[in-house]
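For reference, the structure is listed below as C-alpha cells.
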Amino acid sequence: MSTESSDWEERIAAAWATIDTYDEAGAGEFRALIDGLVAELPADSPVAPFERASAFDSTGHSDKAVPLYQEALRLGLSGYRGRRARIQLASSLRNMGRPEEGVALLEPELTAPGDELDDAVRACLALCLSSLGRDREGLALVLGALAPHLPRYQRSMANYAKALVVSE
C-alpha cells in the first residue's frame with residue numbers, strides 16, 4: 001500500500017515476528033506495540049484496523065477483531081492484506097458461532113486470482129463448512145488443496161476430492 005513506507009512495513013513485520021514471545025499475560029503489551037505502530041498511519045488507512053484486528057485475533061479476542069476487520073474492508077483494504085482480512089475475519093466469525101458468514105466471505109475467494117493464500121482460504125472455508133455440518137465439502141476442499149503438494153498421488157487425491165462433492 002502506498003501510504004506505508006518500507007521502513008514502517010519492516011517495523012510491523014518485526015513486531016509480528018515477536019508474537020510468540022508474549023504469553024497470555026503479555027498479550028496487552030503486544031497489542032500496545034501494534035497500536036503504537038498503527039498510530040503512525042493516516043486516520044483513514046484501512047491497514048490500521050486490519051493490524052489492530054490481527055493483534056486482537058492473535059491474542060484470543062475474536063469478538064474485538066471482527067468489527068475491526070469489517071472496518072478495514074469497508075475502508076477499502078485490498079490486495080494481499082485484503083485477502084488476509086477476509087480469511088481471518090471468516091475464521092473469527094466461525095469462532096464466534098457465525099460460520100455461515102465465513103462461508104459467504106470465502107467462497108468468492110475460490111475464484112479470485114490465486115496466490116500463496118489459496119490453501120489458507122480452502123482450509124478456513126473447510127472449517128466453516130464443517131461447523132455447518134457440511135463435512136464432505138470441507139474435506140473435498142482440504143484434499144484438493146493438499147493434492148498438489150504430495151510427492152505422488154496428486155491426480156488420485158484430486159479425483160477423490162471431486163468425487164466427495166459430486167456423489168452427494
| request: Using a Gaussian network model of the chain whose springs link C-alpha atoms within less than 10 Å, name the residue from PRO49, PRO99, PRO113 with the highest mean-square fluctuation. | output: PRO113
| query | Per the Kirkwood formula on distinct C-alpha pairs, the Rh of segment 1-44 is how many angstrom? | reply | 11.2
| note | Simple SL model, points at 7 angstrom along Cα→Cβ for LEU117 and ALA14; separation in nm is 2.5
| Dipole magnitude (debye, nearest 20) for the chain, charges at Cβ of Lys, Arg, Asp, Glu | 740
| field | At most 13 other Cβ within 10 Å, DSSP loop - GluC sites (Glu not before Pro), segment 43-118 | value | GLU116
| remark: Restricting to Cα pairs under 8 Å and 6 or more apart, the percent relative contact order of the chain works out to 12
| said: Compute the helix-to-body angle for 118-131: its Cα long axis versus the longest principal axis of the chain, expressed 0 to 90° and rounded to tens. | reply: 70
| query | Cα centroid distance between segment 60-85 and segment 7-53, in Å? | reply | 14
| Against the longest principal axis of the chain, how steep is helix 27-38, in degrees 0 to 90 to the nearest 10, with axes from Cα atoms? | 70
| request: Treating the Cα atoms of segment 28-100 as identical point scatterers in vacuum, please give the log10 of the normalised Debye intensity I(q)/I(0) at q = 0.20, 0.24 Å⁻¹, two decimals. | output: -0.76, -1.05
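Let me spell out the model: positive unit charges on the Cβ of Lys and Arg, negative unit charges on the Cβ of Asp and Glu, origin at the Cα centre of segment 68-165. What dipole size does that give, in debye rounded to 20?
Here segment 68-165 has a charge dipole of around 140 debye.
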| request: Would you kindly give the portion of the calculated P(r) for segment 76-168 that falls above 15 Å, as a percent of all Cα pairs? | output: 59
| request: Mind computing the radius of gyration and Dmax over the alpha-carbon atoms of segment 113-155? Å is fine for both. | output: 11.0, 32
| query | Roughly speaking, what is the stretch gain from LEU150 to LEU132, that is 0.36 nm per residue apart minus the C-alpha to C-alpha distance, in nm to one decimal? | reply | 3.6 nm
| message | In whole percent, and with a 1.4 Å probe on the protein chains, what portion of the accessible area of segment 1-88 is carbon and sulfur? | response | 51
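Could you give the Stokes-Einstein D for the chain in µm² per second, using the C-alpha Kirkwood radius, 37 °C, 0.692 mPa s?
This corresponds to a translational diffusion coefficient of 191 µm²/s.
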| Between LEU110 and LYS162, what is the spin-label point distance in nm, taking each point 7 Å from the Cα along the Cα→C-beta axis? | 1.4
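The values are calculated or read from the model by the stated rules, or taken from the named source; none is laboratory data. Note that the coordinates shown come from a computational prediction; the quantities given were computed from them, not determined experimentally. FYI the Cβ positions are ideal-geometry reconstructions off the backbone, even for glycines, and counts take in every protein chain you see. To get the accessible areas, we keep the full protein, side chains included, count just its heavy atoms, and leave off ligands, DNA and RNA. Shrake-Rupley method; radii C 1.70, N 1.55, O 1.52, S 1.80 Å.
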